[in-house]
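Engineer: So that we are looking at the same thing, I have put the structure below in structure tokens.
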Amino acid sequence: MLDDIKNIKSGPKQLKECGLTVGIFLVIIGFILFLRHRPHSMLFIVTGGSFCFIGAFFCKILLPFQKTWMTIAIVLGFFVNRLILMILFFLILTPIGFVTKIMKKDLLDEKIEKKKPSYWKELNETKKEKESYEKQY
């Protein structure tokens, strides 16, 4: 995560993209608020227009904003990724594990049978054609 923060690209192209993206987003929000007759709509429109203007013509001014914005995005992404993976694990994989335990399924064939002389599985080796290696699926 720290490497990602250190490697944030902040060239003129990225600064311009940041200014225009944030500006257009704020203008859209302001326009929606204006259509709904909300009092702060002009604040969003003016702020968004300012971001668009600065992003288009004076993009170097946006360097601290862009660095801060991208740092927050990286930190949020770090935690949200782990949260989503944790939720998927506990809501999907854990119930599957419980169901297989209840049904006494051995999906990985790990059951130990003391009477077996060996757990080695013999493969039926058949002569394969050259074309079968080229078309594996």
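Engineer: If a residue has to be free of Cβ contacts under 8 Å to residues at least 40 places away in the same chain, in a helix (DSSP H, G or I), aromatic (F, W, Y) and closer than 28 Å to D4 by Cα to count, how many in segment 43-74 make the cut?
Structural biologist: Residues in segment 43-74 being free of Cβ contacts under 8 Å to residues at least 40 places away in the same chain, in a helix (DSSP H, G or I), aromatic (F, W, Y) and closer than 28 Å to D4 by Cα: 2 in total.
Engineer: Taking segment 6-56 as the region of interest, how many residues are polar (S, T, N, Q) and in contact with an Asp or Glu (Cβ under 8 Å, 6 or more places away or on another chain)?
Structural biologist: 0
Engineer: Separate question: Looking at G97, G77, which one is within 30 Å of L26 (Cβ to Cβ), open to solvent by less than 80 Å² (accessible area, probe 1.4 Å) and part of a helix (DSSP H, G or I)?
Structural biologist: From the options G97, G77, the qualifying one is G77.
Engineer: In addition: Quick check on segment 1-13: of everything there that is in contact with a helix residue (DSSP H, G or I) (Cβ under 7 Å, 6 or more places away or on another chain) and more than 15 Å from G77 (Cα to Cα), which residue is least open to solvent (accessible area, probe 1.4 Å)?
Structural biologist: Residue satisfying both the conditions and the ranking: S10.
Engineer: Pairs, please: C-beta under 9 Å, at least 6 apart or cross-chain, first residue of a type in the set (K, R) and in segment 1-22, second part of a helix (DSSP H, G or I) and open to solvent by 60 Å² or more (accessible area, probe 1.4 Å)?
Structural biologist: K9/M70
Engineer: Can you pull out every residue in segment 19-42 that is exposed (fewer than 13 other Cβ atoms within 10 Å of the Cβ) and either among the acidic types (D, E) or assigned to a helix (DSSP H, G or I) (or both)?
Structural biologist: Residues satisfying the conditions are I32, L35, M42.
The values are calculated or read from the model by the stated rules, or taken from the named source; none is laboratory data. Just so it is clear, the structure is predicted and the values come from calculations on it, not from any experiment. Cβ atoms come from the backbone with ideal geometry, glycine included; neighbour counts cover every protein chain shown. Please note that ligands, DNA and RNA were not included when accessible areas were found on the heavy atoms of the full protein model with its side chains. Shrake-Rupley method; radii C 1.70, N 1.55, O 1.52, S 1.80 Å.
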